[in-house]
Structures are given as structure tokens and as C-alpha cells.
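The values are calculated or read from the model by the stated rules, or taken from the named source; none is laboratory data. Model, not experiment: these values are computed from the prediction. Glycine gets a Cβ as well: all are built from the backbone with ideal geometry, and neighbour counts include every protein chain shown.
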Amino acid sequence: MENLEKERPDITLEKATIDDAEAYIALEKSLGETKTYATITEKDEAIEEINKNNIFFIKNEGEVVGHIAYEMKESGHAYISSLVITPKYQGRGLAKQALRQVLEKLKDIEKIDLITHPENIKALAIYKSFGFQMGDRIENYFGDGEPRIKLALIKK
Ligand SMILES: CC(C)(COP(=O)(O)OP(=O)(O)OC[C@H]1O[C@@H](n2cnc3c(N)ncnc32)[C@H](O)[C@@H]1OP(=O)(O)O)[C@@H](O)C(=O)NCCC(=O)NCCS
């Protein structure tokens with residue numbers, strides 16, 4: 001019984017639309033300034049992200065607690081473009097649950113990749129726990145002087 005409780009997800013994923021741009025920005029702003037994650041704080045940029053990617057709000061007991069997104073590249077390749085949990089809800093396993101649900105949606109996709117900051121210890125731990133392998137490090141990735149590292153999950 002205890003194990004069943006543990007495996008039941010506490011979150012649902014809800015597709016974002018451009019009407020959600022302000023809510024998206026609010027989540028990004030809640031993270032504050034950090035060198036390990038480049039936040040999106042302008043409405044135009046948020047709308048562009050929502051139009052380009054499949055962005056899902058992560059909901060816990062009806063409340064929006066984060067977002068996760070992916071972009072379909074060429075056939076057989078998806079790129080995970082965001083994973084955010086607002087600070088108040090971090091450390092409860094919600095990011096892992098959200099990633100598990102997205103990976104389930106992408107279960108037939110052979111290659112799933114993403115980038116993160118090499119000092120983003122939590123993000124790296126999460127991705128590695130799902131089998132992502134570290135790839136190349138790219139300096140000054142977004143032009144702000146900070147590096148990023150590529151990670152990929154390749155299914156054979
Ligand atoms: C990265 C982020 C999404 C994690 O969200 P979260 O809900 O706190 O993550 P979870 O609770 O699901 O998982 C935390 C995992 O991080 C790891 N972790 C947590 N603290 C850690 C630490 N100090 N050192 C190493 N690993 C740590 C553990 O593996 C833990 O999983 P476990 O408890 O099952 O072992 C969240 O911190 C965030 O939004 N950060 C800002 C945005 C960001 O950097 N996003 C990633 C972009 S690639």
C-alpha cells in the first residue's frame with residue numbers, strides 16, 4: 001500500500017497557451033537571478049517560447065508549481081527546453097514526476113536531448129537518474145558568459 005501511494009503522481013501536466021504568458025513569466029521570476037538558469041521575463045519572449053515549444057504547466061493540487069517543455073526536432077528527436085519548479089515546491093520530487101510524464105509522452109522517440117548549466121547540480125542529478133548521458137560542454141552558450149552542457153538520452 002505504501003509503495004502504491006509513493007508511485008501515484010502528485011502532479012498533472014496542462015498545456016500552456018499564449019493566454020498563459022503572464023503566469024509563465026511569474027514562474028520564471030519566482031526563481032530570482034541565478035547563473036545556472038536563464039530566466040525569461042519579457043512577455044514577447046514568453047509568447048515565442050509558448051508558440052515554439054510544447055509547454056506544460058505542472059500542477060500540484062490545482063496550483064501551478066512549475067513548467068516543463070519540449071520541442072520536436074526532426075523525426076525521432078525531441079529537445080527538452082525547460083524544467084522549472086517554483087522554489088516553494090522544490091525538493092518534493094515534483095520535477096522528477098513531471099520529467100517522468102514527459103518521457104512517457106516521448107517513449108517512441110529515439111533521441112531526447114537538452115542543455116543545462118554544468119553547476120546545476122540538482123538538474124544534472126535528475127537527468128542522470130533517468131539515464132541521460134553527459135555530452136559536450138559549450139562556453140558562453142547564451143552569450144552571458146555562462147557555459148552549458150549537453151545531455152542526451154538515446155534509446156537503441
Ligand atoms: C532543477 C529543479 C527543476 C528541480 O526541481 P525539484 O522539484 O526540486 O526536483 P525534485 O525534487 O524532483 O528532484 C530533486 C533531485 O535533485 C537531486 N538533489 C537535490 N538536492 C541535491 C544536492 N544538493 N546535490 C545533489 N543532488 C541533489 C536529487 O537527485 C533529488 O532527487 P531524489 O531526492 O529522488 O534523489 C528546480 O530546482 C528548479 O526549478 N531550478 C531552477 C530552474 C532550473 O535550473 N531548471 C533546470 C533547467 S535544465
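So here's what we get for this one:
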quantity: Some residue of region 83-98 being away from the ligand (no atom under 12 Å from the Cβ) and surrounded by fewer than 20 Cβ atoms within 10 Å (Cβ to Cβ); calculated: no
quantity: Candidate set: region 33-51, residues that are in contact (Cβ under 8 Å) with a residue 24 or more places away in the chain and more than 14 Å from the chain's Cα centre (by Cα); chosen: the one nearest to residue 19 (Cα to Cα); calculated: 47
quantity: The listed residue being small (Gly, Ala, Ser), at pLDDT below 95 and either under 20 Å from residue 26 (Cα atoms) or outside any strand (DSSP E or B) (or both), out of 143, 131, 66, 91; calculated: 143
quantity: Candidates 42, 71, filtered to the one that is of a type in the set (Asp, Glu) and either within 14 Å of the ligand (Cβ to nearest atom) or in contact with a Ser or Thr (Cβ under 9 Å, 6 or more places away or on another chain) (or both); calculated: 71
quantity: Unmet criterion (only one of (1) out of contact with any His (no Cβ under 9 Å at 6 or more places or on another chain); (2) outside any helix (DSSP H, G or I); (3) of a type outside the set (A, V, I, L, M)) for residue 104; calculated: (2)
quantity: Counted residues, region 27-39 - those being more than 10 Å from the ligand (Cβ to nearest atom) and either assigned to a loop (DSSP other than H, G, I, E, B) or surrounded by 14 or more Cβ atoms within 10 Å (Cβ to Cβ) (or both); calculated: 2
quantity: Subset tally (residues that are under 16 Å from residue 130 (Cβ atoms) and surrounded by fewer than 21 Cβ atoms within 10 Å (Cβ to Cβ)) for region 56-68; calculated: 0
